[in-house]
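These notes are about the structure you will find just below.
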């Protein structure tokens, strides 16, 4: 009989258990497992004496066929921070909607002492898997757990959901006391998700890309769905980076923190047989946008979008080609260049964020400038204008679902506009980043920067 118990409480108990284990090295791993299972359920998970995570192996009577594969196996990976705890509350309230016949759900909560706790969720409650005692990096742990999910919980489709603080691609973090963005201690790396400045831990975007490539190799094909239940991760560059390893990407195009992911909708949609990654993402994005409630001071420029990563990769290539051509045009006309640079920074200022601009909004403003300039100065800019029209139209094949929050019209994907940025294995970005740097260097007023 599985006891129904709060996942948040379970994580607290597991954190306390791991802390005791790290203090008293003489305590055996079997004793720790026993203590943990006393607070949840009797251990029936086939745990090993080595401390490695194991799952119960299905038993099939002789002569009977093995059970059919479930539709989905999902790993939810949480980081210990404000809206990581919010997600735990959401999961607690939604767990009864899990359909055990169609779905496997594992939840790993990274604890405040750098250890982690792993749980299997079912319709009736949760079972703690072997406690994870090793202090691992997020990249190593994610790779290992995804391999375990694929090998020990086989399904037709797989999903990874990341929940935790994020600043996407930039090297800066918001300082609440100074009320401004400041350089992070991680300067020189592109910050990603699962950030915890107090612990000094993070999963950079480069590491996340490496994990996705490894998971794709383990699976023998792309991961069906990657979800970033966090902020600053709805970028065209990110979606494109996942093009070789992830099929569908769900993230919020946000310039502030989010805590609006609908796990009730997630579990409810997974209960339907044969649901695709795009359909699952659409249901969650729409429900999340509906339930989001923002009490902060930032403007509500955000939406939840479902992206085809391969199509995003193709669109980014086309966009970089356009930027190269635009740079050639601007190099020949200082007046036009000044106007385009100024509107780029103006858009950043309107969004009250120095690091991202909406993809279509930026293109639309540049198009208006080119059309007006061509009419006034009788300059042939038809080819550049046609390129913009093609890029805007191409967004419809990239963003499969775009669920706006509070009716704000955004395209679903942003472009990173950093003042500085760390290394990332996408050299194709360089022309765009150079364009933004030129815009900053030629700005006539400091407030535009």
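The values are calculated or read from the model by the stated rules, or taken from the named source; none is laboratory data. If you're wondering where the values come from, they're calculated on a predicted model, not measured in any experiment. All Cβ positions, even for glycine, are placed from backbone atoms using ideal geometry, and neighbour counts span all protein chains on display.
Here are some notes:
- Boolean, residue 379 is surrounded by fewer than 18 Cβ atoms within 10 Å (Cβ to Cβ), touching a residue at least 12 places away in the same chain (Cβ under 8 Å), in contact with a helix residue (DSSP H, G or I) (Cβ under 9 Å, 6 or more places away or on another chain) and outside any helix (DSSP H, G or I): yes
- Single unsatisfied condition, residue 363 versus (1) closer than 17 Å to residue 415 by Cβ; (2) at pLDDT below 90: (2)
- Condition broken by residue 103, with the remaining ones in (1) at pLDDT below 55; (2) crowded, with 20+ Cβ neighbours inside 10 Å satisfied: (1)
- Against the test of being modelled with pLDDT of 75 or more, surrounded by 13 or more Cβ atoms within 10 Å (Cβ to Cβ) and either touching a helix residue (DSSP H, G or I) at 6+ places or on another chain (Cβ under 9 Å) or in a helix (DSSP H, G or I) (or both), the options 436, 369 yield a single qualifying residue, 369.
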